[in-house]
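The values are calculated or read from the model by the stated rules, or taken from the named source; none is laboratory data. Quick caveat, the model's predicted, so the values are computed rather than measured. Cβ: placed from backbone, ideal geometry, glycine included. Neighbour counts: every protein chain shown.
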Amino acid sequence: MIRRRDFLGLSALAAFGLVMAGCDSDSGAKADTSKARNGAMDSFGLGDTFKATTPLSFTFLFSDQPTYPYKKDWLLFSKMASDNNVTLEPTIVPSSDYEQKRSLLISSGKAPEIIAKTYPGQESAYVSSGAVLPVSDYVDLMPHYQDKIKKWKLEPEIAGLTQQDGKYYVLPGVHEELWPDYTLAFRTDVLEKDGIAEPKTWDEFREVLRKLKKNHPDVVPFSDRFNGNSVLNIAGTAFGTVAGWGLVDGLTFDEGKKEFAFGAGSSQFKDLVTYFNSLVSEGLMDPESFTQTDDAAIQKFTSGKSFVISANSQNIITYRTSMEQSLGKGNFAVRKITVPGGPAGDIIGGSRLENGIMLNSSVKDKDSFVALMQYIDWLFYSDEGQEFAKWGVQGTTYNKEGGKRVLAKDINFQGLNPAGTKDLRVDYGFSGGNFAYGGTTDLLQSTFNEEELAFQKAMKSKKPRPVAPPVPFSDTDREQATLTLTPLKDHVKQNTLKFITGQRSLSEFDAYVKELDSKGMGKYVELANKAYKAYADKK
């Protein structure tokens, strides 16, 4: 079974009715770019640095992070102005309100030209209204983008962005390779003291928890954060289904049958909840894992009341800082383990597509449209532009020593240079989420410490789950699919918790599947397969 990404754009589809209001009947007509070359470079090819031939400004929807709030005098913006001849005029939106505000701006026709922080799938809600540009019509203006898609063999992932009209409407961030980050963190000092080896499979994981429980009867070994969504996501892949953060649109693809099914109604899903039910029922996993706050879970782990918790690379740093205060420096060891394998194999999920940008459809009417596309191509897809967005200016914010990027002595970034009194994001604007995403593995890993590099190397032994084909719904079917999926997902989430914590007997799983049917599971899957087969037939 193969998991597919969120091409329904479910979080954005709440705005579906609103967006329909601002329809531009001519939005589908492809622009004559020969008449829109103000500021454009006459010759812009692979490896070229973009510099507008006349000063240009573009409006930009900016997701503002409280940890490194927007500053108009960032070096990021002044270098854009001097080196690229481009000024960005941001509309500042707090990250906590970003998706809602983005929907309101688009539906009211007041969205900026460049709409950042858009995950693949979130654009779908805006397609039928003509509010956003069919960017696939204009990628011929983007040599760096085209080169990376071809060189990294990203065509299957890009095909997954296809809408019913055969076009796509989001420019995603693209990674050279899959980037696994979330997994489980262990108190490895406890494992070592107890003589317990790191688990390689989910069955071994349970055995490790049993040994920890036996040796430490007063401790519930595993108390999780993220309401269990991270561990259910990675375990779901290994069990051949979808759960937690991976639930998204609920669909799994059967490569043999060439059709989609609803993952949370499958035998594989039953195996998954049965497994986690065993952890809870044996006292190996805290049932509060699915309801407690992250802070509560972290407090248990960092104070020694649990030995296992979900984590990404940044969480590990936070855990250690807290544990130095509660347990004392040198009295503990914490490390991420490689993601365990399961019944479906030693596989991991995920996508090489990252959040990217949409463009307001009005940009095709600008006399500087070609220059805009050239600039976006340079900033978001050229090696030079991506390095600039992430590291800043060589000689000012970083230097290269033996081919390795090293922060300037007075600058820190996520603990890479703790003696630095200035911060790469806070004081200069680089490595922020609006610009710095995607790129080569070398660039991605250039800010990783040795421990994280070792984790990434170990994860290369895992087999990535194949990319599922697209499901380009028609406007009518997308609306119906969304209306059906919302109560389906609610029912799945409620019953996942009940089955795992024992509030509902596993003997009632067949009844649960019938409940899904009564809520439209069959109709939803039928709509998905109809859309997929229409796409496959055209192809």
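Could you check the stretch 225-261 and list, in sequence order, the residues that are out of contact with any Phe, Trp or Tyr (no Cβ under 8 Å at 6 or more places or on another chain) and among the acidic types (Asp, Glu)? Glu255, the sole residue that qualifies.
Where strands (runs of 3 or more DSSP E) fall entirely within the stretch 323-425, none has at least 1 residues that are modelled with pLDDT of 95 or more and on the phi > 0 side of the Ramachandran plot. For the condition basic (Lys, Arg), assigned to a helix (DSSP H, G or I) and without any contact (Cβ under 8 Å) to a residue 12 or more places away in the chain, Lys211 does not qualify. With respect to the conditions (1) touching a Pro at 6+ places or on another chain (Cβ under 9 Å); (2) within 30 Å of Glu113 (Cα to Cα); (3) not assigned by TED's automatic domain parsing to the domain that holds Pro134, Pro172 lacks only one, and its number is (3). For the condition of a type in the set (Lys, Arg), buried (at least 20 other Cβ atoms within 10 Å of the Cβ) and outside any helix (DSSP H, G or I), what is the one hit in Lys117, Lys72? Being of a type in the set (Lys, Arg), buried (at least 20 other Cβ atoms within 10 Å of the Cβ) and outside any helix (DSSP H, G or I) holds for just one of Lys117, Lys72, which is Lys117. Scanning the stretch 451-485 for residues that are without any contact (Cβ under 8 Å) to a residue 24 or more places away in the chain and either within 27 Å of Ala238 (Cβ to Cβ) or among the hydrophobic types (A, V, I, L, M, F, W, C) (or both) turns up Leu453, Ala454, Lys457, Lys460, Leu483. Of all residue pairs spaced 6 or more apart or on separate chains, those with beta-carbon atoms under 7 Å, a first member in the stretch 365-388 that is within 28 Å of Thr447 (Cα to Cα) and a second member that is basic (Lys, Arg) are Tyr381/Lys148.
Applying the criterion of being assigned to a helix (DSSP H, G or I) and crowded, with 19+ Cβ neighbours inside 10 Å to the residues of the stretch 120-142, the residue that is nearest to the chain's Cα centre (by Cα) is Ser124. Considering the stretch 51-68, and only residues there that are assigned to a strand (DSSP E or B) and of a type in the set (A, V, I, L, M), the residue that is surrounded by the most Cβ atoms within 10 Å (Cβ to Cβ) turns out to be Leu61. No other residue among Ser34, Ser96 is out of contact with any Asp or Glu (no Cβ under 6 Å at 6 or more places or on another chain), at pLDDT below 95 and either within 20 Å of Gly433 (Cβ to Cβ) or of a type in the set (Val, Ile, Thr) (or both) apart from Ser96. Scanning the stretch 163-190 for residues that are of a type outside the set (Asp, Glu) and either free of Cβ contacts under 8 Å to residues at least 24 places away in the same chain or under 16 Å from Glu354 (Cα atoms) (or both) turns up Tyr168, Tyr169, Val170, Leu171, Pro172, Gly173, Val174, His175, Leu178, Trp179, Pro180, Tyr182.
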